[in-house]
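Structure record follows, encoded as structure tokens.
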Amino acid sequence: MRRFVLYSLVVLGLAYVVGIPLFLGNGDDSLPKGTDAVVALAGSDNTLPAAQQLIGGGIAPTLVVSAERNGRDQHRRALCKSKAEDVVCIYAGPYSSTGEAKAISELAKRRNWDTIVLVAPDYQTFRAERSFRRCGSFRVATYGVDEPTWRTALGIPLEWVKLAVTETVRRGC
């Protein structure tokens, strides 16, 4: 049992040592002007306000909100119910980054978009960008938002698992 704990701690330590530089700080510092849409990915309460700030800053004319049908984010729900002209809400099925990538790729194809900005928690931008590039024929820029320290600490090892799955078992779009 002692060896198992020791090995687990070593593996977890390596996940952080390699994962922190790999997963954190991947967002584009200078986002391209004239993009077609800013996409607020689901899963974090911080992505929607950040995406709305980008829209307000003139990055893109359209805000795409990835929402969960039974989600607890009241702000997303209210925005999607408002049916604003410059807001498009998607309900990806299955709910996952790959599901979001498929739904947004179809939307981008219908609207002839060639550039989107993904807004996601900082630790998810690396994997999300890879998934979206694989699914669509458009340029992808990322904007990472900060999350609470505890969430980032849990997110980094989980990103290793999710990255392994998307790069091996679920390679398609």
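Numerical summary
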quantity: Candidates Thr62, Thr115, Thr149 - the one that is farther than 15 Å from Ala42 by Cα, surrounded by fewer than 21 Cβ atoms within 10 Å (Cβ to Cβ) and touching a residue at least 60 places away in the same chain (Cβ under 8 Å); calculated: Thr115
quantity: Output for the range 134-158, where each listed residue is closer than 25 Å to Leu107 by Cβ and at pLDDT 85 or above; calculated: Arg134, Phe138, Arg139, Val140, Ala141, Thr142, Tyr143, Gly144, Val145
quantity: Residues of the range 125-140 satisfying the condition of being assigned to a helix (DSSP H, G or I) and of a type in the set (A, V, I, L, M, F, W, C); calculated: Phe126, Ala128, Phe132, Cys135
quantity: Residues satisfying the stated conditions in the range 80-90, i.e. among the aliphatic types (A, V, I, L, M) and more than 19 Å from the chain's Cα centre (by Cα); calculated: Ala84
quantity: So Asp45, is it under 20 Å from Leu154 (Cβ atoms), in contact with a helix residue (DSSP H, G or I) (Cβ under 9 Å, 6 or more places away or on another chain) and without any contact (Cβ under 8 Å) to a residue 40 or more places away in the chain; calculated: yes
quantity: The range 4-33 residues that are more than 18 Å from Trp150 (Cα to Cα), paired with ones that are loosely packed, with under 13 Cβ neighbours inside 10 Å and modelled with pLDDT of 70 or more (beta carbon under 8 Å, 6 or more apart); calculated: Lys33/Gly58
quantity: Out of Leu163, Leu154, sole residue that is exposed (fewer than 14 other Cβ atoms within 10 Å of the Cβ), among the hydrophobic types (A, V, I, L, M, F, W, C) and free of Cβ contacts under 8 Å to residues at least 60 places away in the same chain; calculated: Leu154
quantity: Matching residues in the range 61-79 - criterion: being over 17 Å from Val119 (Cα atoms) and assigned to a helix (DSSP H, G or I); calculated: Gln74, Arg77, Ala78
quantity: Subset tally (residues that are of a type in the set (Lys, Arg) and within 22 Å of Pro49 (Cα to Cα)) for the range 137-157; calculated: 1
quantity: Out of Arg130, Arg134, Arg110, sole residue that is of a type in the set (D, E, K, R), free of Cβ contacts under 8 Å to residues at least 12 places away in the same chain and over 24 Å from Gln53 (Cβ atoms); calculated: Arg110
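The values are calculated or read from the model by the stated rules, or taken from the named source; none is laboratory data. Quick caveat, the model's predicted, so the values are computed rather than measured. Ideal geometry is used to build each Cβ from the backbone, glycine not excepted, and the neighbour counts take in all protein chains shown.
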